[in-house]
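Asks: Provided herewith is a single structure, encoded as structure tokens, for subsequent inquiry.
Every read-out reported here was derived from the displayed coordinates using simple, explicitly stated rules and does not represent laboratory data. The structure displayed is predicted, hence computed values, not measured ones. Neighbour counts are summed over all protein chains in view; Cβ atoms, including those assigned to glycine, are modelled from backbone coordinates with ideal geometry.
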Amino acid sequence: MIIGLVLLGGGGALLALRSGLGRIRKAAARMHNLECMSATTKTPGRDVHEVLNGLEQAKTALRGMGKYAPLDVVRELYAANREPALGGELRELSILFTDLEGFTSLSERLSPDELARALGLYFEAMTEAVRSCGGTIDKFIGDAVMALWNAPTQRRDHSQLACAAVLACRKVTDRLYRSSAWAGLPPLRTRFGLHRDTVMVGHFGAPERFSYTALGDGVNLASRLEGLCKPTWSVRRKRCSAPRSTRTTRASARIGRRCRLAKSSRYRTSSSAGGKYRSE
């Protein structure tokens, strides 16, 4: 009878250990896919519990990293099992800069908490639109957004995706301004500067602190194009070919002495479906 109890207890321990190891395997697989949702770590075995708790802490760190760095970059580093290193490569990118017209005067009338809330709602909508079109949010600069396409994940149709993202941004912000969450605040106009060029993209900064971003004349030009979207400009329009979902219009515009590319082209993106999101 004693032997039977021993065997029964040993079998129960083995079953508990097997169950715990299965949970560890599943948790490790989720981390490999960067599925970092929190999960319970309760388990009968102390050692298994400590391993699961360590995995949960690692997932918490990955979730935090994903809020400060593009998630595709984190996935790339995790898959390659390497740490980020200073350096970059030349690659053709589509680069977007946006800016909120009139936000400075609005911010002077809002309390810090109201300002943070309004800006958070706006950035949430813009991020949703950019990511839905395969883009990567590079950074937020005050009330501005910088986004990239074709990095870190390469896409052959990155220019079309970037144009679609501009339309998506206008759509989601229009919906935001009509929602109850924006009640009491005026609708704002977003300016967009979108440019495709070959630039340096990679990890730049100091050895102990750097960011994944793009550098070069093409980036500067995209920023300057955003500044040209003020309503004081008159343009000469010329129809261009574009994908089914979008139509682009070309207009010559001089950028200024400080830009090495002293003459470039300005584009307006509009929807082909009834012109609902046509640029002003």
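Asks: In what sequence, highest mean first, do 213-221, 86-94 appear when ranked by Cβ atoms within 10 angstrom?
Replies: 213-221, 86-94
Asks: Report, in debye and to the nearest 20, how large the dipole of segment 55-191 comes out about its Cα centre when Lys and Arg carry +1 and Asp and Glu carry -1 on their Cβ.
Replies: 320
Asks: Something else now. Could you tally the net charge around Thr213, taking each other residue with its Cβ under 14 Å from the Cβ of Thr213, Lys/Arg +1 and Asp/Glu -1?
Replies: Result for the local shell: 0.
Asks: Sort 139-149, 158-168, 103-113, 200-210 by packing, meaning the average of other beta carbons within 10 Å per residue, with the highest value first.
Replies: 158-168, 139-149, 200-210, 103-113
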